[in-house]
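**Student:** Submitted below is the structure of interest, expressed as structure tokens.
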Amino acid sequence: MYCGLLSIVYTINGEFNLSAWMIVLALLFDISDGSIARLTKSTSNFGKELDSLADVVTFGVGPAVLVYRSILYNFQHIGIFLVTVYAITGALRLARYNIQSEGVVKSFTGLPIPGAGCLIATFVLMKLKYDHGFIYNYLALLIVVLAFLMVSTITYPKRELFLVRRTRAFQYIFIVILLLGLITLRPTLFLFASFLIYVVAGPLNYLARSRLYQSQPQQEQEEVPT
């Protein structure tokens, strides 16, 4: 939450680069706080609610203020409407998660708001660094898509994304080395591409499962003897 509030202050002062990096930095704390709570055996409903409030500020309000102040202010009332819808859908997604996460959660229902907020933050970083005007014509569509994905029923992986198989250790080492090289050469582009891939992975996985379910009845019908 401290990073989120700093991001908003930096945005008000016109320091968009620092504002965006505060949102990305907050993701590190958001990833680690749950693990630390489990290690110290200090998990509680209070911590879960506080975490959601921090997410609303940091990954909901923070990116909304940043993207409006840096880019969407030219859209006037349309820009205000877009960032408002984004922040509200983010809050709705967190409220639904708190209700559904009574037990062990193996996957997220809807796009997690940290992923959406960090994608917007890195989008702003891309604008500040490269400033390719034709890309930003699709920003309004991106925000609408992110808002829809957060309240959708599309599932996103929680921990499976970070599981490493021992039989493929060398392949993972090669990927890590490649990623470190990309981070060194193009850190902004790497972060933006990483969050974009994560956001797109949900719909692609949903489409793949839908095709699999559609093909199964046909296969069962072919296997039934006449």
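**Student:** Let me check I've understood the local charge: for Thr122, count other residues with C-beta under 12 angstrom from its C-beta, Lys and Arg +1, Asp and Glu -1. What total comes out?
**Tutor:** Details: positive: Lys127, Lys129, Arg186; negative: none.
Here the count lands on +3.
**Student:** Continuing with this model, one more query. How would you rank 26-38, 6-18, highest first, on the average number of other Cβ atoms within 10 Å across their residues? Let's see the in-between values first.
**Tutor:** Working: 26-38: 14.0, 6-18: 17.3.
In descending order of packing, they fall as 6-18, 26-38.
**Student:** Amide H to amide H under 5 Å from Phe108: which residues, 5+ apart in sequence or cross-chain, H placed 1.01 Å off N in plane?
**Tutor:** Correct list: Tyr156, Lys158.
**Student:** Given H placed on each backbone N at 1.01 Å, which residues far from Thr43 in sequence or on other chains put an amide H within less than 5 Å of it?
**Tutor:** none
**Student:** Give me the orientation-averaged projected area of the Cα convex hull of region 1-154, in nm², one decimal.
**Tutor:** Values: hull surface 36.1 nm².
Averaged projected area of region 1-154's Cα convex hull equals 9.0 nm².
**Student:** Treat region 12-61 as a sphere of radius equal to its Kirkwood radius over Cα pairs and apply Stokes-Einstein at 10 °C in a medium of 1.306 mPa s; give the translational diffusion coefficient in µm²/s, rounded to a whole number.
**Tutor:** On the way: Rh = 12.1 Å.
Roughly 131 µm²/s, to the nearest whole number.
No lab work stands behind these numbers, since they all come straight from the coordinates. From a predicted model like this one, the values you see are computed outputs, not experimental measurements. With ideal geometry, Cβ positions are generated from the backbone for all residues, glycine too; neighbour counts draw on all protein chains shown.
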